[in-house]
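The values are calculated or read from the model by the stated rules, or taken from the named source; none is laboratory data. Just so we're clear, the structure is a prediction, and the values are computed from it rather than from any experiment. Cβ atoms come from the backbone with ideal geometry, glycine included; neighbour counts cover every protein chain shown. With ligands, DNA and RNA removed, areas are computed over all heavy atoms of the protein, side chains included. Shrake-Rupley method; radii C 1.70, N 1.55, O 1.52, S 1.80 Å.
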Amino acid sequence: MTYVKRTAAATLLLTAVVTGWTYATPGESPGPFKLYTHCGVRELNNNGTWHVRESGPLASEAGTPKGWEDPYQRGWVIIDGNRATFRDSSGHKETFVERPGATNPLAVCS
């Protein structure tokens, strides 16, 4: 029975990596997460739950902050209560706070 559970978990994880899931569950990130950065690091959408960057927008005149990929930065997200923390292999770490009831981003850039 343990073998079946491990196989199912491994299959789920592999599916997450191959399909590019972009949401996290509390306390863990099941696979890669793509943070939208084209207009700056402002918000994070985790499976329909919107979070806003705790320290306000991080952006440059061009939109995407220097040192970040455009239009997405790949990394991982950890959900802890109403906070989401994004990290990546470049050393970025940003904390976002949930916007209860939000169904859309605060702003849409062109």
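For residue 39, the accessible surface of its heavy atoms amounts to roughly 20 Å² (probe 1.4 Å, protein chains only, rounded to the nearest 10). Against the criterion of solvent-accessible heavy-atom surface with a 1.4 angstrom probe, 70, 80, 88 sort, most first, into 80, 70, 88. Taking 7 Å steps out from each Cα toward its Cβ at residue 82 and residue 54 produces label points 1.3 nm apart. Take residue 55: with every protein chain present and a 1.4 Å probe, its accessible area is about 90 Å². For residue 47 and residue 102, the difference between the fully extended length at 0.36 nm per residue and the C-alpha to C-alpha distance is 18.6 nm.
Each Lys and Arg adds +1 at its Cβ and each Asp and Glu adds -1 at its Cβ; summed about the Cα centre, the stretch 54-110 shows a dipole of about 80 debye. Per residue, the average separation of C-alpha pairs within less than 8 Å and at least 6 apart gives the stretch 26-109 a relative contact order of 34 percent. Backbone N atoms of the stretch 37-64 closer than 18 Å to the 7 Å Cα→Cβ label point of residue 74 belong to residues 37-38.
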